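In what follows, a structure is listed as structure tokens, so that the remarks can point back to it.
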Amino acid sequence: DPVENAKRLAAFKAVDNHVVDGVIGIGSGSTVVYAVERLAQRVKDEGLEVICVPSSFQAKQLIIQYGLKLGDLETNPELKVTIDGADESDSMLTLIKGGGGCLTQEKILASCAEEFIVIADYRKASTNLGEQWSKGIPIEVIPGAYRVVYQKIEKLLGGKSDLRMSGSSKAGPVVTDNGNFILDWNFEGVKDWKHVENSLNMIPGVVENGLFVGMARKAYFGMSDGTVMERN
Ligand code: DER
């Protein structure tokens, strides 16, 4: 499967280039699974000494499943590097994240690391946001406020938002690891993303949004031809 292979290539290259002894932030999603696989391999082969801090229940399960040392931000507040996936990146490494609903803790880990490194397959590498990712920008909201937040966003920035529903597995909306709801905001056009990121978080009821502006140090995109494209 070219997409899975591309994910693995990016993940392995990032772990090989950036992981040293210390505290590592582990992102969420399917690409980061390959990064944890590679990390566990290097611990076993090279005696690497790492403590892994998860960004979600999924990441925590992954760390435990691969027998890696589990840490948390209370005991390990300073991370050497955080490695995480993304839903889309523009040419300036502005990211949309949150497709997996874990954006809040992911952004915290990205902000606590000396280096925030992104790993993704070729479907995520765009020039402008929205070219390949069509599900909008995820916004974590306090459950009771989702409607008023939706209306404020529409008034302030235009565009409609959808409350993310969980589909067949559970009736009702998706509930995040933090007990909140997610709005997916269908933005229109290219914007001043730093301004948008700040504006969204100023709206009462918004917990966090999935725009990561100016946070990524580097991104590794696995390509369908077996190479890895790097963006700084
Ligand atoms: O939700 C997120 O931000 C995750 O990092 C996710 O979007 C990346 O998912 P993937 O690695 O399964 O494509």
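When segment 17-49 is filtered for residues that are within 20 Å of the chain's Cα centre (by Cα) and either over 26 Å from GLU74 (Cβ atoms) or loosely packed, with under 15 Cβ neighbours inside 10 Å (or both), the ones remaining, listed by number, are ASN17, SER30, THR31, TYR34, GLU37, ARG38.
Per the conditions (1) closer than 22 Å to VAL207 by Cα; (2) in contact with a Cys (Cβ under 6 Å, 6 or more places away or on another chain), the sole criterion not satisfied by GLY25 is (2). On the stretch given as segment 162-212, residues that are touching a helix residue (DSSP H, G or I) at 6+ places or on another chain (Cβ under 9 Å), of a type outside the set (Asp, Glu) and within 14 Å of the ligand (Cβ to nearest atom) total 8. The residues on offer are VAL148, VAL207, VAL141, and the sole one that is more than 21 Å from SER89 (Cβ to Cβ), loosely packed, with under 15 Cβ neighbours inside 10 Å and at pLDDT 95 or above is VAL148. Taking segment 105-137 as the range and being touching a residue at least 60 places away in the same chain (Cβ under 8 Å), within 13 Å of the ligand (Cβ to nearest atom) and outside any strand (DSSP E or B) as the test, the residues that pass are GLN105, GLU106, LYS107, LEU109, ALA110, TYR122, ARG123, LYS124.
Checked against (1) out of contact with any Leu (no Cβ under 9 Å at 6 or more places or on another chain); (2) within 16 Å of the ligand (Cβ to nearest atom); (3) within 30 Å of ASP225 (Cβ to Cβ), ASP16 passes all but a single condition, namely (2). Among the residues of segment 75-91, those identified as in contact (Cβ under 8 Å) with a residue 12 or more places away in the chain and more than 14 Å from the ligand (Cβ to nearest atom) are ASN76, PRO77, GLU78, LEU79, LYS80, VAL81, ASP90, SER91. Confirm whether GLY67 is within 15 Å of the ligand (Cβ to nearest atom) and either within 30 Å of ASN128 (Cα to Cα) or surrounded by fewer than 16 Cβ atoms within 10 Å (Cβ to Cβ) (or both). For GLY67, the condition - within 15 Å of the ligand (Cβ to nearest atom) and either within 30 Å of ASN128 (Cα to Cα) or surrounded by fewer than 16 Cβ atoms within 10 Å (Cβ to Cβ) (or both) - is not met.
The values are calculated or read from the model by the stated rules, or taken from the named source; none is laboratory data. Not measured: the values here are computed from a predicted model. In this analysis, Cβ positions are derived from the backbone assuming ideal geometry, glycine residues included, and neighbour counts consider all displayed protein chains.
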